[in-house]
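Novice: What follows is a single structure, and I will ask about it in a moment.
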Amino acid sequence: MENLLLIFAGTVLVNNFVLAQFLGICPYLGVSRQVDTAFSMGMAVTFVMTMAAMVTFFIQNYLLIPLGLEYLQTVSFILVIASLVQLVEIFLRKVSPVLYRALGIFLPLITTNCAIMGLALLIPREGYNFIEAIVFALGAGVGFTLAIVLMAGLREQLEMSDMPQALRGGAITLIMAGLMAMAFMGFAGVIGT
Amino acid sequence: MEDKKLLITPAPHIRSGDTVPGVMEGVIFALVPAMFAAAYFFGFAALQIILTCILACVVTEALWVYARKKDVRAYLGDGSAVVTGILLAFTLPPTTPLWTAALGGIIGISLGKHIFGGLGYNVFNPALVGRAFLTVSFPSLMTNWVFDGVTVATPLEHYAATEYITSYWDLFVGSIGGCLGETSAILILLGGAYLLYRGIIDWRLALGYAGTVVIFALLLGRDPIFHLFSGGLILGAIFMITDPVTSPIGRKARWVYAIGAGLLVMVIRIWGAAPGGVLYSILLMNATVPLLDRYLPDRIFGEVSKK
């Protein structure tokens, strides 16, 4: 249990996917304009990450390793995650229109995102078991949500500021992401990395 | 503000008479005692670093304001760049080379303040941005402590290595290794008392921050007085977390902000690799300010309850 807690907190704060590993920067820049949409995006990423972690765990351990096909990891993971998310999207639209409206538009955006793929590839490398992999994925998703919601709050506030025109939008977001990454370096060493 | 005859502003119309230059003068005045402590304990090097930082900040600010075609004299006259310079210098070790100190000032004012549009728009505390940049770029220069001509460890480093607790008296007076302006708790508190008296800083922020550290230390069975007076916590509580631009506006939001920063300091101090956490705790909480102000607003006078 303690081990799981450490994995979770470590992934949210110390090895934050966006601010320490610099994965998933494109949705981080693209969808961080408003707090509400940023939060929905964070939820969608968490959802897809957890799904992807579960499925790729089985693919890795019950298909690729027994058949000696580990070199197909990248290709098979991409294929499986992309098709899975499309299936979930179709399923959600029929079964839960409310959830579909909240997550739906973001799902196709993140199927091929590097944060999802990075997560799927990190799990076998870290040697996590099934439960640990799910907790790791949840932590990664929560960490992403934290980073993108904080950024959206800052960006909403900066809408009214008197900053140089050339810096508006992507430029200032990248600079702030850099400053936030510096602040997150304070967590280095908290909960063994 | 050019046309003095007709000035249309939204409410409130009661003015306090506080101006930005007035507030900044107050802060600079309150920083003077700690500056004396820095000069007394660390000698001429301390004054050189402080002057270099001020100069770097003021010149950088002037260049930005000039490049953006604004009134250079009005901007420099508010003294905020001087405050940033002094605060940055206070967070640097006494052995910092002058070029490093200057670089910190340039980065702090540029990336911490003017890319956001200048004073009032900055999200992060400029002095802390400069310091964080230097910590990331030159980690060995930023942890090189000398006291009385001898290389020493800061009280927190000493504690992390051997659980040795520096005497309270030394911590209180400031005869310990550390950053220029953080060592002498009593002289920083003197400046803090003046700022409280003038109403420039909000006691909620300072108390929430320092109080959380004390309570957290007590709960974990650590020495609360040691944690309170070491690692620049008092400097942070008086001069940094109270920065009016980068702290929340509402009272509830301020409490959450200060307590959150206090918790982060202790988490970083106890479990982190870096012995000090003041710098990171305030920068991290700076990022939450827009959300705190948005979700924890104060009840507006005359507001009708929603029920």
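The values are calculated or read from the model by the stated rules, or taken from the named source; none is laboratory data. Bear in mind that the values here come from a model prediction, so they are computed numbers and not experimental data. In this analysis, Cβ positions are derived from the backbone assuming ideal geometry, glycine residues included, and neighbour counts consider all displayed protein chains. Ligands, DNA and RNA are stripped out before the accessible areas are found, and what is left, the full protein with its side chains, is counted by its heavy atoms. Shrake-Rupley method; radii C 1.70, N 1.55, O 1.52, S 1.80 Å.
Novice: Mind checking which residues of the range B:228-237 are free of Cβ contacts under 8 Å to residues at least 60 places away in the same chain and surrounded by 24 or more Cβ atoms within 10 Å (Cβ to Cβ)?
Specialist: If the condition is that a residue be free of Cβ contacts under 8 Å to residues at least 60 places away in the same chain and surrounded by 24 or more Cβ atoms within 10 Å (Cβ to Cβ), then B:L233, B:I234, B:G236, B:A237 are the ones that fit.
Novice: I've got another one for you. Could you figure out which of (1) of a type in the set (S, T, Y); (2) open to solvent by 40 Å² or more (accessible area, probe 1.4 Å); (3) not in a helix (DSSP H, G or I) isn't true of A:Y100?
Specialist: Condition not satisfied by A:Y100: (3).
Novice: Only one residue in B:G191, B:G178 is open to solvent by less than 10 Å² (accessible area, probe 1.4 Å) and not in a helix (DSSP H, G or I). Which one?
Specialist: None of the other options fit; the residue is B:G178.
Novice: For the range A:38-58, enumerate the residues that are open to solvent by 50 Å² or more (accessible area, probe 1.4 Å), out of contact with any Ser or Thr (no Cβ under 9 Å at 6 or more places or on another chain) and either within 17 Å of A:E156 (Cα to Cα) or aromatic (F, W, Y) (or both).
Specialist: A:F47, A:F58
Novice: Quick check on my filter: what residues within the range A:138-164 are in a helix (DSSP H, G or I) and more than 10 Å from chain B (Cβ to nearest Cβ)?
Specialist: A:L138, A:G139, A:A140, A:G141, A:V142, A:G143, A:F144, A:T145, A:I148
Novice: So is B:I249 surrounded by fewer than 17 Cβ atoms within 10 Å (Cβ to Cβ), under 27 Å from B:S80 (Cα atoms) and within 13 Å of another protein chain (Cβ to nearest Cβ) or not?
Specialist: yes
Novice: Just name the residue that is farthest from A:L109 (Cα to Cα) out of those in the range A:1-30 that are out of contact with any Gly (no Cβ under 9 Å at 6 or more places or on another chain) and outside any helix (DSSP H, G or I).
Specialist: A:M1
Novice: Tally up the residues in the range B:60-73 that are open to solvent by 20 Å² or more (accessible area, probe 1.4 Å) and either within 13 Å of the chain's Cα centre (by Cα) or not aromatic (F, W, Y) (or both), please.
Specialist: 9
Novice: Which condition from (1) among the small types (G, A, S); (2) touching a helix residue (DSSP H, G or I) at 6+ places or on another chain (Cβ under 7 Å); (3) open to solvent by 10 Å² or more (accessible area, probe 1.4 Å) is the one that A:G30 breaks?
Specialist: Single failed check for A:G30: (2).
Novice: Follow-up question, since we're still on this one. With respect to B:A210, is the statement that it is part of a helix (DSSP H, G or I), open to solvent by less than 50 Å² (accessible area, probe 1.4 Å) and of a type in the set (G, A, S) true?
Specialist: Here the answer is yes, as B:A210 does meet what is asked.
Novice: Step by step: first the residues of the range A:72-92, then only those that are within 18 Å of the chain's Cα centre (by Cα) and closer than 13 Å to A:P124 by Cβ, then the one that is surrounded by the most Cβ atoms within 10 Å (Cβ to Cβ). Which residue is that?
Specialist: Step by step, filter the range A:72-92, then rank; the result is A:F77.
Novice: Please verify whether the range B:116-133 includes one or more residues that are more than 11 Å from every other protein chain (Cβ to nearest Cβ) and either more than 30 Å from B:K69 (Cβ to Cβ) or among the acidic types (D, E) (or both).
Specialist: no
Novice: Oh, and also: When the range A:61-71 is examined, which residues are found to be open to solvent by 20 Å² or more (accessible area, probe 1.4 Å) and in contact with a helix residue (DSSP H, G or I) (Cβ under 6 Å, 6 or more places away or on another chain)?
Specialist: Matches in the range A:61-71: A:E70 only.
Novice: So, in the range A:169-184, how many residues would count as being surrounded by fewer than 19 Cβ atoms within 10 Å (Cβ to Cβ) and facing chain B (nearest Cβ under 10 Å)?
Specialist: Counting residues in the range A:169-184 that are surrounded by fewer than 19 Cβ atoms within 10 Å (Cβ to Cβ) and facing chain B (nearest Cβ under 10 Å) gives 4.
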